[in-house]
Structures are given as C-alpha cells and as structure tokens.
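> So that we are looking at the same thing, I have put the structure below in structure tokens.
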Amino acid sequence: MSTTTTRQIVHIDEDLCTGCGLCVSPCAEGAIQIIDGKAKVIREELCDGAGFCLGVCPEGALTIEERETVAFDEEAAEEIMAEKLKTYIPQVCFNCGTDEENAPLLPVRTKGQSTWVCTRCLPALIHG
C-alpha cells in the first residue's frame, strides 16, 4: 500500500483541455498522456510538480496544486526518461532555431502561441 504525502502536482482542467497534446512532450517523466481526447496525469507518482507543461498549454488548462497524493517516484521516472531519450526530438527556439542541445530553452507564450525560446533570445523578448 502506498503512503501519501502533501506535495505539489499538476492538475488538468478537463473542461478547458482541448487534447492538443502540447503538454505531453515537456513532461520528461511521462506523467501526462492524451486519453480519450484529453490530457491526463496517468500516474501521479511520475509527476514531480515542476510544471514545465504549464507554459505550453494554449488553453490554460494546467495548474499546479498542493494536495494529498502519492510520493514522487524518482526511480520510476528515471526509467521512463531514459526510454524517452532514445526517441526524443529536441525542441527549438522559435526565434533563432537553436535547439536544446546547444542552449537552454524555456516555454513561452507569444502572439497567441505556446512555444519555446532559448536563453539567448529571451532578453530581447523581455527588453525589446
């Protein structure tokens, strides 16, 4: 029997979710999948609560909540992350095309789109 703990975890509002799937890729641990046309946290022990999925949701359907749930299972998450790395396609900066192999990327909303920006292009977006 799993013990529970109070911690942060992703919450998906199914009424807002359109099932676009943009939140699946940023979830390195594989906690989110599209099931029956909606994003779902399929295994709460895989959600680390970091929220990398939040910034790419065009509908604002994802939030972080603090609640009672099972503990994060780092060992299980590492196994999934290692498997996903075998077929992972690096994301690219919408501005310069640099991929995450060459610069850190951050999720960003710009011109109504959810996308990625590298840390080299981010200052220009902030300061113009």
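The values are calculated or read from the model by the stated rules, or taken from the named source; none is laboratory data. Quick caveat, the model's predicted, so the values are computed rather than measured. Quick reminder, even Gly has a Cβ in these numbers, built from the backbone with ideal geometry, and neighbours come from all protein chains shown.
> Here is a check on your reading of the model: is E45 under 30 Å from T5 (Cβ atoms), in the same structural domain as D15 (by TED's automatic domain parsing), in contact with a helix residue (DSSP H, G or I) (Cβ under 8 Å, 6 or more places away or on another chain) and surrounded by 12 or more Cβ atoms within 10 Å (Cβ to Cβ)? Give the steps one after another, and end with the answer.
On the way: under 30 Å from T5 (Cβ atoms): yes; in the same structural domain as D15 (by TED's automatic domain parsing): yes; in contact with a helix residue (DSSP H, G or I) (Cβ under 8 Å, 6 or more places away or on another chain): yes; surrounded by 12 or more Cβ atoms within 10 Å (Cβ to Cβ): yes.
Yes; evaluated as a whole, the condition is true for this residue.
> Moving to a separate point now. Given the criterion part of a strand (DSSP E or B), over 23 Å from M81 (Cα atoms) and of a type outside the set (K, R), identify the matching residue among T6, T18. If you could, list the steps in order and put the result at the bottom.
Values: T18 fails: part of a strand (DSSP E or B).
The match here is T6.
> Of all residues in segment 115-128, which are more than 17 Å from A50 (Cβ to Cβ) and outside any helix (DSSP H, G or I)? Talk me through it step by step, then tell me what you get.
Let us first name the residues in segment 115-128 that are more than 17 Å from A50 (Cβ to Cβ), namely 115, 117-128.
Across segment 115-128, the qualifying residues are T115, V117, C118, T119, R120, C121, G128.
> Filter segment 23-40 for residues that are surrounded by 19 or more Cβ atoms within 10 Å (Cβ to Cβ) and among the aliphatic types (A, V, I, L, M); which is farthest from S114 (Cα to Cα)? Working first, answer last.
Within segment 23-40, the subset surrounded by 19 or more Cβ atoms within 10 Å (Cβ to Cβ) is 23, 26-27, 29, 31-32, 39.
Filter again for among the aliphatic types (A, V, I, L, M), leaving 31-32, 39.
Working: A31: 20, I32: 17, A39: 16 Å.
By that ranking, first place goes to A31.
A quick yes/no check of all residues on (1) hydrophobic (A, V, I, L, M, F, W, C); (2) modelled with pLDDT of 95 or more:
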| site | (1), (2) |
| --- | --- |
| S2 | no, no |
| I9 | yes, yes |
| I12 | yes, yes |
| T18 | no, yes |
| L46 | yes, yes |
| A50 | yes, no |
| C53 | yes, no |
| V56 | yes, no |
| A61 | yes, yes |
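> Identify, from the list T69, T18, T87, the residue that is in contact (Cβ under 8 Å) with a residue 12 or more places away in the chain and surrounded by fewer than 17 Cβ atoms within 10 Å (Cβ to Cβ). Don't jump to the end; show me each part of the working.
Details: T69 fails: surrounded by fewer than 17 Cβ atoms within 10 Å (Cβ to Cβ); T87 fails: in contact (Cβ under 8 Å) with a residue 12 or more places away in the chain.
Step by step, each of T69, T18, T87 is checked, and only T18 is in contact (Cβ under 8 Å) with a residue 12 or more places away in the chain and surrounded by fewer than 17 Cβ atoms within 10 Å (Cβ to Cβ).
> In segment 5-42, which residues are among the β-branched types (V, I, T), farther than 17 Å from V56 by Cα and in contact with a strand residue (DSSP E or B) (Cβ under 9 Å, 6 or more places away or on another chain)?
T5, T6, I42, listed by residue number.
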